[in-house]
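Colleague: One structure coming up, written as structure tokens, with questions to follow.
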Amino acid sequence: AGGPAGSVRRLGHQSSIACSSPLSHMATGGESGSEGFTVLFVAEKPAIARAIATALTPPGTRYWQERSKVGCAAPVYCLDAPWLCQSPRPLAEVGKVRLRVTSTFGHIYSVDFPSSLRRWSGVDPESLFGADVEWSQHENGRSRILEHLSSEAQHSHLVGLWLDCDREGENICYEVLGIVLGRLVPHANLQAGRPLEDVMESDYSHDPRVWRASFSSLATSDLQRAFRNLQKPNPWHAKAVQARQVIDLKVGVALTRLITTALRDDARDLVPGHDFGRGPLISYGPCQTPTLSFCVRRWDDMRRFRKQVSYTIEADILAKSGIGSQIRLQWEPPTEELQGIATPSRKRLRLPKYQVEQLLGEAPPGCPAIVHSSSVDVCQVQGPVALNTVAMLQAASRELGLGPQRCMQVAERLYLAGLLTYPRTETTHYPASLPLAGMVWEHSWHTKWGHWCRQLLHSGLKQPKLGQDRGDHPPITPVKCADEAQVRQAAGLEGVRLYELVVCRFLASVSREAQVRRYSVGLKIGNLEFSLSGNELIDAGFSIICPGAVKDKQELREHKMLQGEALSIARDAKVNDQHMVHKLLVGQVLLAPPRLLIEAELLGLMDKHGIGTDASMSQHVHNVVERGYVEVAGPGRQMRPTQLGCALLHGLQAIDQDLVSPDVRAHIESEVANIANHQKDYIEVIDSVVATFHTKFCCLRSGIPRLRQSLAETRERWRGWQEALNPSSQKPIKDSASEMQFEDGSVVEYWSKRKKVWLTSTVVRCNSDGTYDLTVKSRASAGCLRMSFPFVVGEHASLCVNKDGNEWHPVVIAAQHLDGSYDIDICGDRKDGIALEYLRHSSDSDNRDNPCAHVGSDLDEIEHHSDAHKPHRARALGVREERERSR
């Protein structure tokens, strides 16, 4: 496509696919050489190439940098160094060789349909399932990386592949080989392998010109170790990636075109918060749609929830200190025998109210609570397992408020700076060769956790017993100790927080276990059985250095701990001890409704069901948000489906359950893994999966009317769903003209068509014509409003800091006042009386370039405040002035 030979490569369909490889480009090499060797090392990014050159430069010498001969931005680092590997033998015997270290910028090629099929008009989406595909250079070759690698190969005898050590990196290895292998200069002491039409047909085990380096960090010792132990590339891993690319392209593009062309005009109003121009792109993805299904199903559970009440007997006993200190006991209802396969088990019964009252009436008045059993045991709570990618993403979302994609970007910067190991791994078990004690000793001087490291070295490290070895990279660990200034320079403030999280998780994984003492006391009041149970912390262990790990340990959670008089009674409990009963009555227990799925839970579900890989999972979560199917809302990063997301998911589910089922994508990942393990043929898997989705495409095409019906039903039901999510909106004000949905003083968000953003405001007055007067807008229609998630104390938000309203700074909500204003903490400086219109939820970070609510913005055009607003704003202003005078 306008580039040199090899810039476009085609992959045919069905029978022609086997003889038309996407990596079939070969070229004529240069002149034969007889003295000295020049080796071309290719890394994945320029920063990695510089780290390799630095690590392999002999002491007392320096490498030098050259520019690309063809104008590519990738630099070339040159040095003379000894060949550390024992193979090939001619290089090991010659002593020093010339190393030329350069890089790519990630994938060189991207897969797409031929240009005639890329347009939407005049192309039947069904024809894409049987169409050829082609690999072409990114950005039409503007990076000139292909010409750069070709030029370097013409002056080199060997090639060393230093790409990332995962499947994606292996695929890039063969992209590089397809460019450079035929251009290498022959050498009299190196026998070249036979030319191949498809470079993916071989692992080059008998070709001394091709070598692969395997490393997990950019530490000098790790890179030198990789140089000493060069290996061969893995063609099956590369083919697995290529198969996934073809499947996702054909399935995703065909179904996306079908759904979008049929529904775009109907769905234009369902996602007002996204500026799609003509209408939203309603995309389908084999990973994206199952990810959406987890969010929508939890939302449906919330919508269908009905209040459930169960009845219990509340019993309070007096503490030893006397009246005024009571301890609540847990009622143990009667049980029924359940005959299991192995041993009988007992199930607690849920009794109706009249039976509970009957049981309570049988208890004699004034009867004391008598202890009939007491047990104490000590429990060891294991520390966290070694950190893999999914666990890092979950912890960053839950503890740092970082989204998965942003977390991976920050982790990548820390990796390139040599501070963390490779951040994409599924392994949670430390290899035996990892020097854990040396890694802990490296951090013993740190001001924050150095004291803990010295204690660990003195008392001895604990080798974690849990975890799994998936055969890929080791777990994510710190490579070296760095202070806050060094980390901030490499990856910013977010990098500092993520680096500290990884270090603390590593130290917690090799620290001693936590110990708790578990108490279980059984009491009787008449014939009624009660219990007092809970834990006492003996040794906090790993939780001292890593408090965030406590959230994964049930035994260490606060509600499990006994405190004060309850702990004293449990400690001293002996059979036949008697305690005076202070209260004995029937109580109600309300079943808690389900809550929105948080991002960390979503990642866990994706990992459990095999949706995506450690390298792609963060992108799938980002896609459902970017496409307008899900909004990230409130503290904790809750995943709230939009109207479009619910309508699409429900419609697809009604047509074919497999289109949204996680099992379908898990099957695809399993088939791709079979290619990587050399258990199934690459072409066979592609044809099988594409044929399956072709059948589902035909089913979906006939079900388009059902999708349109789902859009209409969603519009009708959405208001009810919003009320279920926001209980404060379930008591509308009745008016003679209409039924109001919002009350005076309600915190709402209204949609600005001109600015394409939801803006926060407060309802001042409900008008008889069904409109509302807001603090920044008069006569706003109900259709443009929605209930706002109010700011809570401790929540991270954004503050408008200039009069133009387009600059936002992160703040923390410190306090909330009755007049609707907030006190905030910005970089340690507290500011009081900030109006609601100057604040925005941190989840709205994609819209930070849009003006603030106080700057001329409105539904279509800003309107001046009516007289109805003046008293409200005057009251707020008066409160602020009074507070300022008191200060």
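The values are calculated or read from the model by the stated rules, or taken from the named source; none is laboratory data. A quick note: this is a predicted structure, and the numbers were derived from the prediction, not measured. Backbone-built Cβ (ideal geometry, glycine too); neighbour counts: all protein chains shown. Heavy atoms of the whole protein, side chains included, go into the accessibility calculation; ligands, DNA and RNA do not. Shrake-Rupley method; radii C 1.70, N 1.55, O 1.52, S 1.80 Å.
Colleague: By the gyration tensor of its Cα atoms, with a ≥ b ≥ c the square roots of the eigenvalues, what is the shape of the range 530-572: rounded for a/c under 1.5, prolate for a/b over b/c, or oblate?
Modeller: Prolate, since a/c reaches 1.5 and a/b exceeds b/c.
Colleague: Which whole-angstrom value gives the distance between the alpha carbon centres of the range 541-598 and the range 467-494?
Modeller: That distance is 36 Å.
Colleague: So what's the convex hull volume per residue for the Cα atoms of the range 538-628, in Å³?
Modeller: Each residue corresponds to 220 Å³ of Cα convex hull volume.
Colleague: How much length is gained if the chain between GLN515 and TRP441 is pulled fully straight, taking 0.36 nm per residue apart and subtracting their Cα-Cα distance, in nm to one decimal?
Modeller: Additional length available on full extension: 24.1 nm.
Colleague: Here's a follow-up. Give the long-range amide H neighbours of VAL776: residues separated by 5 or more places, or on another chain, with amide H under 5 Å away, using H modelled in the peptide plane at 1.01 Å from N.
Modeller: Sorted by chain and number, the residues that satisfy this are THR762.
Colleague: Based only on Cα atoms, what Rg/Rh ratio does the range 387-512 have, Rh being taken as Kirkwood's radius?
Modeller: On the Cα set of the range 387-512, Rg over Rh gives 0.94.
Colleague: Classify the range 612-666 from the C-alpha gyration tensor, please: rounded if a/c falls under 1.5, else prolate or oblate depending on whether a/b exceeds b/c.
Modeller: Judged from the Cα gyration tensor, the range 612-666 comes out oblate (a/c at least 1.5, b/c at or above a/b).
Colleague: Another question about this same structure. Compute the length gained on full extension between SER221 and ALA712: take 0.36 nm times their separation in residues and subtract their Cα-Cα distance, giving the result in nm to one decimal.
Modeller: So the chain would gain 170.6 nm between SER221 and ALA712.
Colleague: Moving on. Per residue, how much accessible surface does the range 159-292 expose to a 1.4 Å probe? Answer in Å², no decimals.
Modeller: Using a 1.4 Å probe on heavy atoms only, each residue of the range 159-292 averages 33 Å².
Colleague: Further question: Quick check on my link table: of LYS462/LYS553; LYS307/LYS524; LYS320/LYS560; LYS320/LYS574; LYS320/LYS551, which ones sit more than 25 Å apart, alpha carbon to alpha carbon?
Modeller: Long pairs (Cα-Cα over 25 Å): LYS307/LYS524; LYS320/LYS551.
Colleague: Continuing with this model, one more query. Restricting attention to the alpha-carbon atoms of the range 213-310, what are Rg (one decimal) and Dmax (integer), both in Å?
Modeller: Final numbers for Rg and Dmax: 23.2, 68 Å.
Colleague: On a C-alpha basis, how far is the centre of the range 62-112 from the centre of the range 174-193 in Å? Whole number, if you could?
Modeller: The range 62-112 and the range 174-193 have Cα centres separated by 14 Å.
Colleague: Also, quick follow-up: Could you sort LYS320, LYS353 by their accessible area in this structure, using a 1.4 Å probe and putting the largest first?
Modeller: Putting LYS320, LYS353 in descending order of accessible area: LYS320, LYS353.
Colleague: What are the principal axis extents of the Cα atoms in the range 182-259, in Å, biggest first?
Modeller: 58, 36, 19
Colleague: If you place +1 on the Cβ of every Lys and Arg, -1 on the Cβ of every Asp and Glu, and leave all else neutral, what size is the dipole of the range 173-226 about its Cα centre, to the nearest 20 Debye?
Modeller: The dipole of the range 173-226 has a size of about 260 debye.
Colleague: What is the gain in length, in nm to one decimal, between HIS809 and ALA654 on full extension, counting 0.36 nm per residue of separation less the C-alpha to C-alpha distance?
Modeller: 51.4 nm
Colleague: With all pairs of different alpha carbon atoms counted, what Kirkwood hydrodynamic radius in Å does the range 183-227 show?
Modeller: 12.9 Å
Colleague: Send over the semi-axes of the range 361-425's equivalent ellipsoid, whole angstrom and largest first, taken as the square roots of 5 times the C-alpha gyration tensor eigenvalues.
Modeller: 52, 17, 8
Colleague: With point charges of +1 on the Cβ of Lys and Arg and -1 on the Cβ of Asp and Glu, referenced to the Cα centre of the range 492-580, which listed residue (ALA570, GLY522, PHE506) lies farthest in the positive direction of the dipole?
Modeller: PHE506
Colleague: Let me ask you something else. Between ILE370 and GLN382, how many nm apart are label points set 7 Å from Cα along the C-beta direction?
Modeller: Spacing of the two 7 Å Cα→Cβ label points: 4.3 nm.
Colleague: Under the rule a/c < 1.5 gives rounded, and otherwise a/b versus b/c splits prolate from oblate, where does the range 81-188 land using the Cα gyration tensor?
Modeller: Taking the square roots of the gyration eigenvalues as a ≥ b ≥ c, the range 81-188 is prolate.
Colleague: Quick one: grab Rg to one decimal and Dmax as a whole number for the range 566-706, Cα atoms only, in Å.
Modeller: 24.8, 77
Colleague: Just by accessible area at a 1.4 angstrom probe, what is the order of SER459, SER798 from largest to smallest?
Modeller: Highest to lowest solvent-accessible surface, that is SER459, SER798.
Colleague: Still on this structure, I have one more. P(r) of the range 153-218 in 5 Å steps, Cα pairs, percent per bin?
Modeller: Each 5 Å bin holds this share of Cα pairs: 3, 16, 28, 26, 15, 8, 3, 0.
Colleague: Assuming 0.890 mPa s and 25 °C, estimate D for the range 474-548 with Stokes-Einstein, Rh taken as the Kirkwood radius over Cα pairs, in µm²/s.
Modeller: Once the numbers are plugged in, D ends up at 156 µm²/s.
Colleague: List, in order, the whole-Hz ³J(HN,Hα) value for each residue of the range 407-420 obtained from phi through the Karplus relation with A = 6.51, B = -1.76, C = 1.60 and θ = phi - 60°; use x for Gly and Pro.
Modeller: After applying 6.51 cos²θ - 1.76 cosθ + 1.60, I find 4, 5, 5, 5, 4, 5, 5, 5, 5, 5, 7, x, 9, 10 Hz.
Colleague: Shifting gears a bit: Using the Karplus curve 6.51 cos²θ - 1.76 cosθ + 1.60 with θ = phi - 60°, what ³J(HN,Hα) values do you get for each residue of the range 292-297, in whole Hz, with x for Gly and Pro?
Modeller: Karplus values, whole Hz, x for Gly and Pro: 4, 4, 4, 5, 5, 5.
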